[in-house]
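Below: the structure, in structure tokens.
Just so it is clear, none of the values below were taken in a lab; they were calculated from the coordinates. As the structure is a computational prediction, the values presented were derived from the model and not from experiment. Neighbour counts run over all protein chains shown; Cβ positions are idealised from the backbone, glycine included.
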């Protein structure tokens, strides 16, 4: 008697297929989800020959990978010959034992990295092998450079693809992802409050900015390319916004480092700070070695018997009684010890510089010119004479003149910002006849009565 039910069930269930027709990749996915319906799976399957080439090179132990890359790179490096006989290969790779060389050649030939020409009995490097080696050589070459930002390879891929007109959205997304990772890393370093993390991240930030400057040229070419589709333009614009966010972090680094500088703890009058001590400790690989010779002899334990304990207790008791029957009057007065003002020299220099600029703002002391012309002085007449350090410090304060945000605060720098003096710099330099400063940017300090009026009308804390 025939039972059609099992056959009907097999025909009605599309998942009940013969074992030979099942996709091995299906074992990694949930039931009811076909791998071919996922876009990334489609792209990866389409590149299966190239992925198999990488599998042939990198599958197995590290030693086997090195030998395979060594054989393939040695053969591809010889540009004088387009084919190699087995004798040529044996002579070129004579430092390898025959068994290992034979195994590597068979593996490379099986996966399409080496082509065997049977009539001519020679090996040839396949185009796929040269593409794989070119990608690896680019990555290895950029790995040798001091690229702590790790953007060189990604940017080189985008630049190369743009040069031949084949930049993809995936390549741009890899670069965008790295920019976002760097931004998050720098924000975490700023939030940590660690000076060492801040300075390390700031150095890495400067390197990332160098790559950003190079990448901006490529992005302008991509956005101006009429052949690029909408997704490519959208990814390029997102990279531009990520680059802007990265470049705007300079102010965040400066404010965090200035805050740490204000809170720095100094050890007495030695001039050393906790940062100096930590840097000195980090310079020693073995901190335990610093204790060598610090202890002259081992600690000797002392044991007390009841007799010694009674003697000590009696002595302490008698000492306490004699102290209680002693004079109970107030101690005689003493002169307070003299103290030296330890105010930082930089505050004194700031006060002097503020007083000097305040004299400039006084019409009675400011140089007089024609009634129609502006009243101004060259910047070197204001900064000099002074040592190089003092002149540099004064010059660093000039951008605060007329700063509305700073003027709304308290302190010496706020008073400096409220002065009716404007600072006008230029890009040119002027040679000076000064023993400390050889040259200085051409700039002027000018009276600005409009600035004075605006600052007086704006409310601020006194």
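Per 10 Å bin, what is the whole-percent P(r) computed from every C-alpha pair distance within region 59-101?
Here the calculated profile for region 59-101 is 25, 54, 19, 1.
Taking the convex hull of the alpha carbon atoms in region 145-258, what volume per residue do you get, in Å³?
Values: hull volume 9.6 nm³, N = 114.
So the per-residue Cα hull volume is 84 Å³.
What Rg and what Dmax come out for region 57-198 when only alpha-carbon atoms are used, in angstroms?
20.8, 71
Simple spin-label model, 7 Å along Cα-to-Cβ: residue 289 to residue 23 in nm?
In this crude spin-label approximation the distance works out to 6.0 nm.
For a Förster distance of 22 Å, can you work out the FRET efficiency between the beta-carbons of residue 115 and residue 94, rounded to the nearest 0.05?
Working: r = 23 Å, r/R0 = 1.04.
Between residue 115 and residue 94 the formula returns 0.45.
Length gain on complete extension for the stretch residue 79 to residue 168, per 0.36 nm per residue less the alpha carbon to alpha carbon distance? Don't skip to the end; give the middle numbers.
Details: separation 89, 0.36 × 89 = 32.04 nm, distance 3.12 nm.
Answer, rounded to one decimal: 28.9 nm.
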